[in-house]
1. Whole angstrom only: what separates the Cα centroid of segment 112-154 from the Cα centroid of segment 180-259?
2. I'd like the accessible area for R48: 1.4 Å probe, protein heavy atoms, all chains in place, Å² to the nearest 10.
3. How would K125, K2 line up by accessible area, probe 1.4 Å, largest first?
4. Working only with C-alpha atoms, what are the Rg and Dmax values of segment 1-102, expressed in angstrom?
5. How much of the DSSP bridge set in the chain is antiparallel, in percent, rounded to the nearest 5?
6. So what is the 222 nm mean residue ellipticity for the chain from helices alone, if each DSSP H run of at least 4 adds -39500 (n - 2.57) and you divide by all residues, rounding to the nearest 500 deg cm²/dmol?
7. Would you please give the residues with an amide H less than 5 Å from that of G235, counting only those at least 5 places away or on a separate chain, with H modeled from the backbone geometry?
8. Could you tell me whether segment 1-50 comes out rounded, prolate or oblate from its Cα gyration tensor? Rule is a ≥ b ≥ c as square roots of the eigenvalues, rounded for a/c under 1.5, then prolate if a/b exceeds b/c, otherwise oblate.
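The values are calculated or read from the model by the stated rules, or taken from the named source; none is laboratory data. Computed from a predicted structure; not experimentally measured. Every residue, glycine among them, receives a Cβ derived from its backbone with ideal geometry; neighbour counts consider all protein chains shown. Surface accessibility is based on the protein's heavy atoms, side chains included, excluding ligands, DNA and RNA. Shrake-Rupley method; radii C 1.70, N 1.55, O 1.52, S 1.80 Å.
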Amino acid sequence: MKLIFIRHAEPDYENNTLTEKGFREAEILSERTKNWDVTKVYSSPLERARFTAAPSLKKWGKEADVREWLQEFTIPWVTDDIDKARIVWDFLPSYLDEHPELFDKDAWLDNEIMHTVPVAEYHNKVITGFDALMAEHGYIRNGAFYNCPAAALPTNHYMVYDGNTLEHMKDAKVDETTLVFFCHLGVMSVLLAHLMNVSPAVIWHGCFVATSSVTVLCSEERTPGEAYFRCQCLGDTSHLRAVGEKVSYYGYFTTPFQG
């Protein structure tokens, strides 16, 4: 199975839409996606995600299944040292250094700030919603992996190299189900952390996923009937670079590399 997460294009948050550049990014993205063999499309209910999805959906001839839990993971908190609300995944390096529990997959919810707002409740809603969706496709969460329909050949078959590079893979039977999710930086990080069994803080603070970018995870069934997802690419913006469209800085606190 392939899981493809697409962050919405450059947003105009104030007007609940996309910027002019954002609409351009969505169209460029659709040229990349138009020939994908997509099984099902899911979308956040928020307009910036739905506007991003629209050109691709038109070319696929599909409609998105809107899931409420795919909206942005935005829970504000306020402390005495800041003058405005900050989202719970926006921490400065000094705070991260003082609170290493944030990087522990089993302890991050024990952080002091996480107890001041309903983060655990919201996180559980997202994870429960996602795992229920996966179950609809035959993938049942079992600890750190998913039980799944047994593949005809375990993917260890790919490790048997016969000198023909990819040629020996051509007859392997795997689950070609491809699910596409149009969503947001924060909630996508929560889902990636769940799939890779790490704390969301690792992704929130360690990765930049640009607007309209493509993130792909593919399942490996090294033991038939057991699937683990590995990230093939994270925040890929090659479709923008190919046509000279700059990568947006939204969600980043520095200038993105444009190479």
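1. Centre-to-centre distance over Cα atoms comes out at 17 Å.
2. Estimated to the nearest 10 Å², R48 gives 30 Å².
3. Working: K125 90, K2 65 Å².
From most accessible down to least: K125, K2.
4. 17.3, 51
5. Values: 21 of 33 bridges.
The antiparallel proportion sits near 65 percent.
6. Values: 7 runs with 76 residues, N = 259.
The helix contribution divided over the chain gives -9000 deg cm²/dmol.
7. V214, T215, V216
8. Working: a/c = 3.10, a/b = 1.61, b/c = 1.93.
It is oblate, given that a/c is not under 1.5 and a/b is not larger than b/c.
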